[in-house]
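Q: Mind looking over this structure? Questions follow.
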Amino acid sequence: MPKGWWVADVPCPTSACDELAGVLAQTFGVGVQVQDDVVRLYLSADSTDSDWKDVLEKTVEAFRASVGLPWIGAVSYGFCEDTDWNARWKEGFKPLRVGRRLVITPTWESYTPQGRDLVLTLDPGMAFGTGHHETTRLCLEWLEDMAAAEPDVPSLSLLDVGTGSGILAMAGALLGFQPVVGVDNDAEAVAIAKANQALNPKAASVHFVAGTAEKIPGRFAVVVANIQAGPLTAMAQVLAHKVEPGGRLGLCGLLEEHVSQVTAPYRALGFREEKRLQAGPWVLVSMRCSM
């Protein structure tokens, strides 16, 4: 067989795609794409074990059983030769306007800024975060709204927990937040974030860290965490202690039905809900520290 990549498309209800993507990324140690109601994996033909299809299907079935998902179709498989790899990976990423001023453009697309555009150039590699998913857009819009409402944005520090491609942290820097820190427990994601930072000189001040949020010193005026309901609930103590008194916390990666469960421990720690933003089934909850 020629050198290249196995491609697996796993059908999944849209509401559970991100959670399944996280499980598969951890199982196989690779990045994944979420496209509508499909989770797509690319696995190197040179380094993937021969039983990878069995492992994949058992992992998917175990996930479906654990969260009570119906069977909505079989996994489909394909093969992508090295010569086609870049085209297949890049085909879904086009310049994207988010909110009023932010424009996310991949490195392989040209874009001419208009007016007061803030352009963020991105090569996501295998990390999460291109701006195309609803949760990323919600976070970007939330940050832009805060920057627009704050007369002295540079007085606002920002912590991006689970930074992935670095998109939120770097957008925060372009919007004027400082200092800005992005942290991720995936060292490969941090390496990708730093590579993206090199493409965006105006975001050079962002400090990217491989590790966990509790290892980041100090507290921040704004903390954003675009993760998933389970981790956000488990991390309540850690994230709450990263927000300075009067500061704001943006919790995203939530479905509407999970909001009460996730926000309950934060309320117990002195946070109150200010507002919600919603895109499709996804919700961002903006909370404020009252302590």
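Q: Any idea how far apart ARG272 and ARG97 come out in nm if each label point goes 7 Å out from Cα toward Cβ?
A: So the two model labels end up 3.7 nm from each other.
Q: With the chain treated as a Gaussian network of Cα nodes joined by springs under 10 Å, which of VAL161, VAL55, VAL119 yields the largest mean-square fluctuation?
A: The residue that fluctuates most here is VAL55.
Q: Mean projection of the alpha-carbon convex hull of the chain over all orientations, in nm²?
A: 15.2
Q: Defining a contact as two alpha carbons under 8 Å apart and six or more residues distant in sequence, what relative contact order in percent does the chain show?
A: Relative CO of the chain lands at 13 percent.
Q: Place a +1 charge on the Cβ of each Lys and Arg in region 177-291 and a -1 charge on the Cβ of each Asp and Glu, then give the dipole magnitude about the Cα centre in debye, rounded to the nearest 20.
A: The dipole magnitude comes to about 380 debye.
Q: Starting from the 7 Å offset along Cα-to-Cβ, what nm value, one decimal, do you get for the label separation of ASP145 and VAL238?
A: Between ASP145 and VAL238, the label points sit 2.7 nm apart.
Q: Let me ask another. Using heavy-atom solvent-accessible surface (probe 1.4 Å) with all chains present, what is the largest-first order of MET287, MET235?
A: Largest accessible area first, the residues go MET235, MET287.
Q: Please report the carbon-and-sulfur percent of the accessible area for region 230-291; probe 1.4 Å, protein heavy atoms only, DNA, RNA and ligands left out.
A: 53
Q: Along the charge dipole of region 233-291, Cβ charges K/R +1 and D/E -1, which of ALA240, SER290, LEU255 sits furthest on the positive end?
A: SER290
Q: Can you tell me the relative contact order of region 231-291? Whole percent, Cα pairs under 8 Å, sequence separation 6 or more.
A: Computed value for region 231-291: 43 percent relative contact order.
Q: Given springs between every Cα pair under 10 Å in a Gaussian network model of the chain, which of GLY115, GLY230, GLY172 has the largest fluctuation?
A: GLY115
Q: For ALA279 and ALA191, FRET efficiency with R0 = 22 Å and r from the beta-carbon atoms, rounded to 0.05?
A: Approximately 0.15, to the nearest 0.05.
Q: Could you give the nm distance between label points at GLU257 and THR107, where each point is 7 Å from its Cα heading toward the beta carbon?
A: 4.1
Q: Turning to a different aspect of this structure: Using a probe radius of 1.4 Å on heavy atoms only, what accessible surface per residue do you get for the chain? Whole Å² is fine.
A: Each residue of the chain exposes 45 Å² on average to a 1.4 Å probe.
Q: Which length gain, in nm to one decimal place, applies between THR212 and GLN35 when the Cα-Cα distance is subtracted from 0.36 nm times their residue separation?
A: 60.9 nm
Q: Starting from one equal scatterer on each C-alpha and no solvent at all, send me the Debye-based log10 I(q)/I(0) for region 111-240 at q = 0.10, 0.15, 0.18 Å⁻¹, two decimals.
A: -0.28, -0.65, -0.96
Q: Aspartates and glutamates within cross-link reach of LYS242: Cα-Cα under 19 Å, excluding same-chain residues under 8 positions apart?
A: ASP160, ASP184, GLU214, GLU273, GLU274
Q: For region 97-197, calculate the relative contact order in percent as a whole number, restricting contacts to Cα pairs under 8 Å that are 6 or more residues apart.
A: It rounds to 26 percent for region 97-197.
The values are calculated or read from the model by the stated rules, or taken from the named source; none is laboratory data. As the structure is a computational prediction, the values presented were derived from the model and not from experiment. Heads up, the Cβs are rebuilt from the backbone with ideal geometry, glycines too, and the neighbour counts pull from every protein chain shown. Protein only, heavy atoms only, side chains kept; ligands, DNA and RNA dropped before computing areas. Shrake-Rupley method; radii C 1.70, N 1.55, O 1.52, S 1.80 Å.
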